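A.B. asks: Below is one structure. I have some questions about it.
Values in this text are rule-based calculations from the coordinates and carry no lab data. None of these values were measured; they are calculated from a predicted model. Note that we place each Cβ from the backbone using ideal geometry, even for glycine, and neighbour counts take in every protein chain shown.
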Amino acid sequence: MPSKDIKFIAADMDGTLLDHNSQLPEDFYSVYQQLEQRDIIFAAASGRQYYSLMETFAPINDRMMFIAENGTMVMHQGEELYRCEIDKPSIEAIIKQARAIEGTNIVLCGTQSAYIETQDPQALEEFAKYYHRCQYVDDLLAVDDDFIKVAICHFDGTEERVFPSFDSAFGQSHQVVVSAKIWLDVMNAEASKGAAIEHLQNTLGFSHEQTMSFGDYLNDLEMLKASYHSYAMDNAHPKVKQIARFSAPSHRDAGVMTVIKRELLD
């Protein structure tokens with residue numbers, strides 16, 4: 001039997017666990033069941049909304065752990081284990097900054113729903129991939145909810161078009177992270193997938209050395225740092241490959257499943 005003492009596995013979704021068609025690996029549910037039998041927790045750790053993740057993993061969503069919205073919310077079996085909010089004055093400043101950049105599409109992420117004020121068809125199609133609960137409103141600044149993230153979509157690329165001004169304005173006070181080629185997230189300064197995992201390590205009693213994680217993009221860096229068994233996908237951003245201790249095959253080749261089966265199940 002494999003000798004690694006792993007108690008917790010976290011996998012990013014897009015570009016990591018999901019294939020190029022945004023589908024789960026064919027053997028995912030079989031592998032998940034084997035991990036359960038070994039008392040290994042598997043968590044989907046994503047920038048996606050909790051309600052979107054619930055839909056993706058519908059057959060087992062009452063058993064799974066979800067590290068949603070880039071680590072700002074952790075849910076397990078319907079119970080909230082962790083939340084990291086943004087105060088309302090910061091929300092107002094972030095929205096106004098985003099509105100000032102031509103071509104931005106804003107998603108205000110609350111605990112009850114996501115909120116948008118655009119009806120652009122291209123943006124709506126993109127939002128639907130990640131936000132299962134999404135409400136149109138006339139003014140994002142008038143929404144009443146508890147907020148955990150502001151996500152900004154720019155189809156010309158957020159690393160070039162959005163990140164420089166947001167890092168300058170909010171980089172010292174908030175977590176500003178490019179989460180995909182066309183997405184950028186602004187969160188509480190303490191929020192990240194890594195912070196969520198460290199909270200779980202402290203509360204559930206597993207260690208850094210008992211943690212395995214898989215990622216491909218810049219919003220995965222803290223998660224990989226929080227895990228001794230850190231894997232960068234073959235398709236990962238160069239900075240992710242620099243941080244991770246190990247490498248996994250591409251998401252197109254079901255790299256997460258390949259490593260788990262090789263290291264823990266064979």
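A.B. asks: Regarding residue 138, is this residue touching a residue at least 60 places away in the same chain (Cβ under 8 Å) and farther than 15 Å from residue 48 by Cβ?
C.D. replies: For residue 138, the condition - touching a residue at least 60 places away in the same chain (Cβ under 8 Å) and farther than 15 Å from residue 48 by Cβ - is not met.
A.B. asks: Further, regarding this structure: For residue 85, indicate whether it is more than 19 Å from the chain's Cα centre (by Cα), surrounded by 13 or more Cβ atoms within 10 Å (Cβ to Cβ) and of a type in the set (Asp, Glu).
C.D. replies: No.
A.B. asks: The conditions are (1) out of contact with any Asp or Glu (no Cβ under 7 Å at 6 or more places or on another chain); (2) outside any strand (DSSP E or B); (3) buried (at least 24 other Cβ atoms within 10 Å of the Cβ), and residue 236 fails exactly one of them. Which is it?
C.D. replies: Unmet condition: (1).
A.B. asks: Among the candidates 67, 94, 101, single out the residue that is in a loop (DSSP other than H, G, I, E, B), touching a residue at least 60 places away in the same chain (Cβ under 8 Å) and either buried (at least 22 other Cβ atoms within 10 Å of the Cβ) or more than 13 Å from the chain's Cα centre (by Cα) (or both). First the steps, then the outcome.
C.D. replies: Details: 67 fails: in a loop (DSSP other than H, G, I, E, B); 94 fails: in a loop (DSSP other than H, G, I, E, B).
None of the other options fit; the residue is 101.
A.B. asks: Same structure, new question: Mind checking which residues of the range 204-217 are part of a loop (DSSP other than H, G, I, E, B) and within 16 Å of residue 13 (Cα to Cα)?
C.D. replies: Listed by number, the residues that qualify are 216, 217.
A.B. asks: Right, here's the next one. Across the range 172-199, which residue is surrounded by the fewest Cβ atoms within 10 Å (Cβ to Cβ) among those that are within 16 Å of residue 221 (Cα to Cα) and out of contact with any strand residue (DSSP E or B) (no Cβ under 8 Å at 6 or more places or on another chain)?
C.D. replies: 181
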